[in-house]
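After the structure tokens below, expect a handful of questions from me.
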Amino acid sequence: MLVNDTAPVPQSTDSLIAQIPGVIFQFYRSHCGRMHFPYLEGGGEALAHIDRQQLAHDAGQLIEHLTGHDHPKIMSSIERSARWMLPLTTRFRLPFPKGKPHWIAVSANPSPASNGVRWSGIMMDITDQVAEEQRLRKLCDTDPLTGLPNRRKLMVHLTHLASLSTRHGTPEVVIVSRTHRRR
């Protein structure tokens, strides 16, 4: 392995972890549902607004508070990962005291632990990525001239309505109106 003698070499793992634009963690959930973070370190501003001591002791209530509407989705992902020992991958909105919530992506691998499951993984702020996805989705679904939903958006919506109609056994009616202008 070649080493560039002019580049500074980190003195310790701790100094390197502090420079990472994300969080490295270990998360433990017991079979009875108790959760905590035995390890939680990294850079970025997300950790500045979170009570690390609370997460190290009991993460259940704080996770519910921090994730809000995304909590059921996150708990479902954790349960699926624990049950089948599959990697945990999810994302959620993390509220910040000032400004808009940040989107956080989680990727972790589970391993059996005494009386539960332990995940080792990373959390990254993907707020810019989510904003770009939303911008691209809007470009795909709207007419650039009028800003109104385009044919593609209509077809997706009609497919969704047909699926709901089939699932619930309710009839579906589509009314198409054409307006002709004469000059």
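The values are calculated or read from the model by the stated rules, or taken from the named source; none is laboratory data. The shown structure was predicted, so the numbers you read here are calculated from the model rather than taken from an experiment. All Cβ positions, glycine included, derive from the backbone under ideal geometry; neighbour counts span all protein chains shown. The accessibility values were calculated without ligands, DNA or RNA, using every heavy atom of the protein model including side chains. Shrake-Rupley method; radii C 1.70, N 1.55, O 1.52, S 1.80 Å.
So residue 115 fits all but one of (1) closer than 30 Å to residue 36 by Cβ; (2) at pLDDT 90 or above; (3) out of contact with any His (no Cβ under 8 Å at 6 or more places or on another chain); (4) open to solvent by 80 Å² or more (accessible area, probe 1.4 Å); what number is the exception?
It is condition (3) that residue 115 fails.
Now for a different question. Out of the residues in the range 60-96 that are at pLDDT 90 or above and among the β-branched types (Val, Ile, Thr), which is surrounded by the most Cβ atoms within 10 Å (Cβ to Cβ)?
78
Among the residues of the range 115-125, is any touching an Asp or Glu at 6+ places or on another chain (Cβ under 7 Å) and more than 30 Å from residue 48 (Cα to Cα)? Even if it seems obvious, please write down each step before you answer.
Quick first cut of the range 115-125, residues touching an Asp or Glu at 6+ places or on another chain (Cβ under 7 Å) only: none.
No, the range 115-125 contains no residue that is touching an Asp or Glu at 6+ places or on another chain (Cβ under 7 Å) and more than 30 Å from residue 48 (Cα to Cα).
Something else: What number of residues in the range 34-59 are part of a helix (DSSP H, G or I) and open to solvent by 70 Å² or more (accessible area, probe 1.4 Å)? Lay out the reasoning, then the answer.
If we filter the range 34-59 for residues that are part of a helix (DSSP H, G or I), which is where we start, we get 46-49, 52-57.
Then drop every residue that is not open to solvent by 70 Å² or more (accessible area, probe 1.4 Å), which leaves 48-49, 52-53, 57.
The number of residues fulfilling the criteria is 5.
When only residues in the range 97-112 that are at pLDDT 95 or above and loosely packed, with under 12 Cβ neighbours inside 10 Å count, which is farthest from the chain's Cα centre (by Cα)?
So the residue we want is 112.
On to the next question. Give me a count of the residues in the range 122-165 that are open to solvent by 100 Å² or more (accessible area, probe 1.4 Å) and more than 30 Å from residue 89 (Cβ to Cβ).
Residues flagged as open to solvent by 100 Å² or more (accessible area, probe 1.4 Å) and more than 30 Å from residue 89 (Cβ to Cβ) within the range 122-165 amount to 4.
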